[in-house]
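This report refers to the structure that appears directly beneath it.
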Amino acid sequence: MSDSLQRLKESLLAAPIIWKGDYPYFIHPLTDGVPRLDPSVLTAVVELIESKVDWDSVDLILGIEAMGLPLTSPLSMRNNISQVVVRKRSYGLDGETVVDQSTGYSKGSMYLNDIKEGERVLIVDDVLSTGGTLDAIIQGVESLKANISSVVVVVEKGPGLKILQEKYPHIQISSIVRLEMDGDSVVLLDEVI
């Protein structure tokens, strides 16, 4: 196991757990913005994402508000590729596309801006559970006639990744780590890197 993967796994195992009703929820700086993010963990995750991507096939990095920002910004800088963020509010810019997303815990509109026809887009997301948000974003990007070169998710939790892989066999959709919650514990599943 690489040092980067070990660093990410250790940080996930140390994540605090809170309960929302009957549901245990892990709190991690890459998925929630709290507690504070150790720069060595961010560096490790950026390195792990970089190793999964064919950078010659990427014209644009697309992150998802809000936790996509700390992931896509260093990737953009290190690989000299522009980034854009799927936002939860409209700016009314020319070409803005609305996508309606629904997950197991939320529903609402998100907005795509400045994605051009034919661009090869890398989508980076922090966590994938049901796949509802990512499904809507994939549909939105494809409606703009852009090409999704790949999707990389840091944490896979739940059935969403497999569902999306079956729905979009033409897109490489992958995760770095898989986990599940077992009461007050994070349980890391088999490696996917």
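Please treat every number below as a calculation from the coordinates, not as lab data. Note that this is a predicted model, so its numbers are computed, not measured. As a convention, Cβ positions derive from the backbone with ideal geometry for all residues, glycine included, and neighbour counts pool all protein chains shown.
Observations on the structure shown:
- DSSP-defined antiparallel bridges as percent of all bridges, the chain, nearest 5: 40 percent
- Remark: region 3-188 carries a charge dipole of roughly 200 debye about the Cα centre, counting +1 on each Lys and Arg Cβ and -1 on each Asp and Glu Cβ.
- Acute angle (nearest 10 degrees) that the helix 132-143 long axis makes with the longest principal axis of the chain, alpha-carbon atoms: 20 degrees
- The chain: Cα Rg divided by the 2.2 N^0.38 Å rule of thumb: 0.99
- Most mobile listed residue (150, 90, 174) in the chain, GNM with C-alpha springs under 10 Å: 90
- Neighbourhood net charge (13 Å Cβ-Cβ; Lys/Arg +1, Asp/Glu -1) for residue 130: +1
- Once the Cα-Cα distance is subtracted from the 0.36 nm per residue extended length, the residue 114 to residue 94 segment shows a gain of 6.3 nm.
- Of the trypsin sites (Lys or Arg not before Pro) found in region 13-115, the ones in coil according to DSSP and having at most 14 other Cβ atoms within 10 Å of their Cβ are 36, 88, 89.
- Positive-end ranking of 141, 131, 153 along the dipole of region 116-155, with charges on Cβ about the Cα centre, is headed by 141.
- Separation in nanometres of the label points that stand 7 Å from Cα toward Cβ, at residue 167 and residue 184: 3.6 nm
- For the chain, the longest principal axis of the Cα atoms and the long axis of helix 39-52 meet at an angle of about 60 degrees.
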